[in-house]
1. With unit charges on the beta carbons (Lys and Arg positive, Asp and Glu negative) and the dipole taken about the Cα centre of the chain, which residue among Phe62, Ala35, Leu49 sits farthest to the positive side?
2. Determine the principal axes of the Cα atoms in the chain, then give the extent along each, sorted from largest to smallest and rounded to whole angstroms.
3. What number of lysine-lysine pairs in segment 1-63 show an alpha-carbon separation below 30 angstrom, given a sequence spacing of 8 or more or placement on distinct chains?
4. Enter the angle in degrees (range 0 to 90, nearest 10) between the Cα long axis of helix 3-20 and the first principal axis of the Cα atoms of the chain, meaning the one along which they spread out most.
5. If Lys and Arg each add +1 and Asp and Glu each add -1, what is the summed charge of the other residues whose beta carbon sits under 13 Å from the beta carbon of Thr30?
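Any read-out appearing in this document is the output of simple, stated calculations on the displayed coordinates, not a laboratory observation. The structure displayed is predicted, hence computed values, not measured ones. Quick reminder, even Gly has a Cβ in these numbers, built from the backbone with ideal geometry, and neighbours come from all protein chains shown.
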Amino acid sequence: MSVKRVVTVALAISVMAAVSGCGRKAPLDTPYQAAVEARKEAERNKEPLPPEPQKPNPDRPFILDRLIK
């Protein structure tokens, strides 16, 4: 193996290791939860408040749900 190939592989491995460490370790937020948090944060920072988020509708069946079951 040439030196150029070894350097390329080492660089690719280090980039993959760096990218795999990115992100937040927490459960996903629903759009409603994100809107509530944004409103609370704006209120704390004394910024204009975004519109009041609406409660989500009850879970409605989706046409592709039958494929999962």
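1. About the Cα centre, the residue reaching furthest to the positive side is Phe62.
2. In descending order, the Cα extents are 61, 46, 16 Å.
3. Details: Lys25/Lys40; Lys25/Lys46; Lys25/Lys55; Lys40/Lys55; Lys46/Lys55.
Lysine pairs meeting the criterion: 5.
4. 20 degrees
5. Details: positive: Lys55; negative: Asp29, Glu37, Asp59.
In short, -2.
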